[in-house]
Structures are given as C-alpha cells and as structure tokens.
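The structure under discussion appears below in the form of structure tokens.
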Amino acid sequence: MEILKGKKILLGITGGIAAYKSCELVRLWQKAGADVMAVMTPAAVNFITPLTLASLTGREVLTDTFAASNTGIDHIRAARWADLAVIAPATANTIAKIACGIADNLLTSAVLASRAPLVVAPAMNCAMYENAATQNNLRILKERGIALVGPDSGYQACGDIGRGRMSEPAEIFRQTASMLIASGQNRRMVITAGPTEEPIDPVRCITNRSSGKMGYALAQAAAVRGWKVKLVSGPVSLPDPVGVETVRIRTASEMLEHAWREARDAECFIGCAAVADFKPSSVSESKIKKTANDGFKLSLTQNPDIIKTVAALDNLFTVGFAAETDDLLVYARHKLQSKNLDMIIANDVSSPLTGFNSDDNEATIIYRNGRETPVPKMSKEDLALRIIDAINCELAETAALSESEENGRQ
Ligand code: CTP
C-alpha cells in the first residue's frame, strides 16, 4: 500500500557499520511510495558504495561538496527538496556536529540548511553512546525537536554488548512513516484520560485509581506526530501536555458532553479514560451524617458509555482501551465488537509493573479485522508513540485503499 506516495525523504548515511541496513530502509520507504535521495559522508563510502544507493534510489547520490558535477549548492537543493530528513546510521561524530551546527561535509551542510523535520537514528559502540559528551549532544538534539529513533541494545559489531545498535529498518520506517503521514495536516484527535469523579455529597465521591499517565502520553505523542489534539481529562495531578488543548472535567456526564462536541469534527477518538461505570442516583447537597447503628445504602445509576456513544459517529476512527485483570484478550475482543470500535488496546492492570500507576505498560493492539499485534513492556511514552503510529498507518492505508477504488471506478 502506497501510504507515502509523493513524500520526499532525504537519507543521510554516515560512517558506521550499520550503513548496510540503510539499503533495507530505502526499500521499505520505496515500497510505501516515497521518493528517496541519499547523501553520504566521506566516511560512509568506506562501508557501502554510492553506486549501491544510486541503484536503489534511482537518483544521483550526493557525497562531495566540491565534486566537479556540483554547482556548489547541492546541499541547498537537497535541503529544500526534502519533506523529511533522516540520518541512519548517525555516528557520535555526526551527532556532535549537528549539536554544534558544524557544516563540514555535504550531509551536515544539508542538515543545517534544511527546514524539514529531522530524524536521527544513532549507531555507535556502547561506550561512545554512554559517554557524557554524546549524551549531552543527544539531549541538545531532543531539545531542538529532533526525533531520535533508538538506539537498541544488544550484540555490537565490535564484540561489545550494550546500547548503541542502530534500530532495525522496520522500526525506523514505522516512526518516519507516521511522521510523514501526519505532518503539515490539520487533523483532529480527541482523547479522554484519567478517572472520573462522581459526587456523593459535597465532600465525598466515587472514583478510581487511574493516574491519567497513559492518556496524557498519548496526547503528547499525537501532538508530536502532528495531530491537533483535544484532551478531555478527569482529575489528575499531571501538567497539561505541550501543544495540546486540555479541558479538565470531573464527572462522566461532563466528559461525554465535551467528548461528543469535539468528536463531531475529529478524525480520531481515543477513549483512554477510566470512566466510573456508576454514579450515585442522587447527590446530597449537604454533607451526609453518620447515624448510630444505622447502615448506609447508596443507590447507583449507570453512567453513559462515552466511547460507544461517539463510535456511532460516521468517519470517526475510534480506539478504546481494555484494562483488565483476567481473560484480557477475551474481554478486549468482546469490547471491540460490542462498542463498535476500530481498534482496542488490551492491557493487563493486575501487575504493579504495568498497571494504573506505573510508568511502564505492555499491551496488545487489536484491529477491527481481527489482526493482533503484541507490544512488549516499555515506557508509557514509547507505547503511546506505537499506538499513534499504528493509528496513522491504519488511517493512511484506508485512505490509499479508497483512493485506488475511486481511481478504479473512473
Ligand atoms: N468507556 C467509556 N465510557 C464508559 C465506560 C468505558 O468511554 N462509561 C471506555 C473506556 O475509556 C475504554 C473502554 O470504554 O476505552 C473500555 O472501558 P472498560 O472500563 O474496560 O469497560 P467497561 O465498558 O466499563 O466494562 P467493564 O467495566 O465491565 O469491564
């Protein structure tokens, strides 16, 4: 499926052994319809030849700022051409140059001259990666909004075992594809997060232990991927995610009111809130007093199902969460169907390592067509990016499919 049709990617290759993996990355982008231009540093040509890249990309490979064929502005041409610039592999040396704004070869010059978003996939020996200088440089890149993919941990070409291996091409493809699909568009997403609070009287309420961390991480990840996000949040102690319009509510009814209003103009809705299923049938206006030897009975009424209500809207991609303690996948599959969702994220909340208040999570992404993708334990931030990427790819595939059906009819 050509989900990247018409997108232009500038691939920077630096002098690391992982350079051979760049060929696979080019193939993945091309299969998805993207046009790729390669720029290599002088060190990179020691690992793979420009001819390999030229044959794969069908384009001249830029290597030398002062080549006879170069009019002296190849780096500017390349910089202006790209929708996205990706450096994979990125050595510690090139990362340091980018952090300092050094432009001493065609690649670093093109990066400095480019206004396109930049993705860097570090690849180096684990000691070089852990070195304070490299860590500091990576922090500078992050602060400038440059996206980092990896590095992974494992066996390294030099024989060491540790963190520094370039991420696999499939992972770099997934993250860059998601950025390209979402970039420059005014697409709206609504996310619910946190618990709800159902008042019993002015001082008491029914609530639950949801921390809101997963929903807030999703809102941040969606904003990073270029979505215009509205976050409808129950009471939590987290700061508003950067670049996200956040509205704070208390009850399920208030959450429904905001979610419904916003979802009508949105393309995607994620229900991540732990909505109280029941609320007190009536709320006492004054504090309820205990009376001796007299039990207390609370009558409850069912709350509206927010995600099921908004899932009835046409053209809204709806994603739910199934936080369960037993029979995780069975309940999740059932919820996907009974709530008419496009995707559900099944996660086990019985473990303190991945439950409500933890920083990590693991999940299975279940699609409407029955496909299931397990996602191993990782930080809620990383899982959030995975989920947003999965949504972006699914929406792009649906759009590409309907475009080809439309073309077939004409
Ligand atoms: N949800 C919702 N409104 C509700 C209850 C749940 O929008 N009143 C959404 C949640 O945000 C989540 C999904 O539905 O995306 C599943 O929530 P969950 O609490 O697991 O399911 P329930 O339908 O409440 O079922 P049960 O509590 O019986 O497991």
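The values are calculated or read from the model by the stated rules, or taken from the named source; none is laboratory data. Just so you know, these numbers come straight off a predicted model, no measurement behind them. Note: ideal-geometry Cβ built from the backbone for every residue, glycine included; neighbour counts use all protein chains shown. Each accessible area value is taken on the protein alone, full model and side chains, heavy atoms only, with ligands, DNA and RNA left out. Shrake-Rupley method; radii C 1.70, N 1.55, O 1.52, S 1.80 Å.
Observations, loosely collected:
- Scanning the range 275-284 for residues that are open to solvent by less than 20 Å² (accessible area, probe 1.4 Å) and within 9 Å of the ligand (Cβ to nearest atom) yields a count of 1.
- Residues of the range 360-369 satisfying the condition of being open to solvent by less than 50 Å² (accessible area, probe 1.4 Å) and more than 16 Å from the chain's Cα centre (by Cα): ILE366, TYR367
- Enumeration of residues in the range 168-199 that are crowded, with 19+ Cβ neighbours inside 10 Å and among the hydrophobic types (A, V, I, L, M, F, W, C): ILE172, PHE173, ALA177, MET179, LEU180, ILE181, ALA182, MET189, VAL190, ILE191, ALA193
- Qualifying positions in the range 242-281 - without any contact (Cβ under 8 Å) to a residue 24 or more places away in the chain, more than 23 Å from ARG209 (Cα to Cα) and out of contact with any strand residue (DSSP E or B) (no Cβ under 7 Å at 6 or more places or on another chain): VAL242, GLY243, ARG261
- Among the residues listed as LEU56, LEU25, LEU51, the single one being open to solvent by less than 20 Å² (accessible area, probe 1.4 Å) and in the same structural domain as LEU112 (by TED's automatic domain parsing): LEU25
- Of all residues in the range 322-345 being open to solvent by 40 Å² or more (accessible area, probe 1.4 Å) and near the ligand (Cβ under 10 Å from one of its atoms), the one that is nearest to GLU267 (Cα to Cα): LYS339
- Flag for SER379 being surrounded by fewer than 16 Cβ atoms within 10 Å (Cβ to Cβ), away from the ligand (no atom under 11 Å from the Cβ) and under 23 Å from LEU238 (Cβ atoms): yes
- Listed by position, the strands (runs of 3 or more DSSP E) enclosed by the range 144-231 that each have at least 3 residues that are touching a residue at least 60 places away in the same chain (Cβ under 8 Å) are 188-193, 198-201.
- Restricting attention to the range 260-270, the residues that are over 15 Å from GLN220 (Cα atoms) and either of a type in the set (Asp, Glu) or near the ligand (Cβ under 9 Å from one of its atoms) (or both) add up to 3.
- Restricting the first member to the range 285-314 and to residues that are within 12 Å of the ligand (Cβ to nearest atom) and among the small types (Gly, Ala, Ser), and the second to residues that are assigned to a loop (DSSP other than H, G, I, E, B) and modelled with pLDDT of 90 or more, the beta-carbon pairs closer than 7 Å and six or more apart or on different chains are ALA311/LYS339; ALA311/ASN340; ALA311/LEU341.
This table checks each residue for (1) more than 22 Å from TRP227 (Cβ to Cβ); (2) assigned by TED's automatic domain parsing to the domain that holds ILE388; (3) open to solvent by 30 Å² or more (accessible area, probe 1.4 Å).
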{"position": "PRO117", "(1), (2), (3)": "no, no, yes"}
{"position": "CYS126", "(1), (2), (3)": "yes, no, no"}
{"position": "THR134", "(1), (2), (3)": "yes, no, no"}
{"position": "PRO151", "(1), (2), (3)": "yes, no, no"}
{"position": "GLY154", "(1), (2), (3)": "yes, no, no"}
{"position": "CYS158", "(1), (2), (3)": "yes, no, yes"}
{"position": "MET166", "(1), (2), (3)": "yes, no, no"}
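- Qualifying residue in the range 248-258 (condition: surrounded by fewer than 16 Cβ atoms within 10 Å (Cβ to Cβ) and either away from the ligand (no atom under 14 Å from the Cβ) or under 30 Å from GLU394 (Cα atoms) (or both)): yes
- PRO239 vs. criteria more than 16 Å from SER281 (Cα to Cα) and open to solvent by 10 Å² or more (accessible area, probe 1.4 Å): yes
- Positions within the range 77-98 being touching a residue at least 60 places away in the same chain (Cβ under 8 Å) and hydrophobic (A, V, I, L, M, F, W, C), in sequence order: ALA78, ALA79, TRP81, ALA82, LEU84, ALA85, VAL86, ILE87, ALA88, ALA90
- One residue stands out among those in the range 77-113 that are part of a loop (DSSP other than H, G, I, E, B) and under 24 Å from GLU171 (Cα atoms): the one that is most open to solvent (accessible area, probe 1.4 Å), which is ASP83.
- For the residues GLU406, GLU394, the requirement of being part of a helix (DSSP H, G or I), surrounded by fewer than 14 Cβ atoms within 10 Å (Cβ to Cβ), not β-branched (Val, Ile, Thr) and not assigned by TED's automatic domain parsing to the domain that holds ALA147 singles out GLU406.
- Filter pass, ASN357 being open to solvent by 70 Å² or more (accessible area, probe 1.4 Å), more than 9 Å from the ligand (Cβ to nearest atom), on the phi > 0 side of the Ramachandran plot and in the same structural domain as PRO195 (by TED's automatic domain parsing): no
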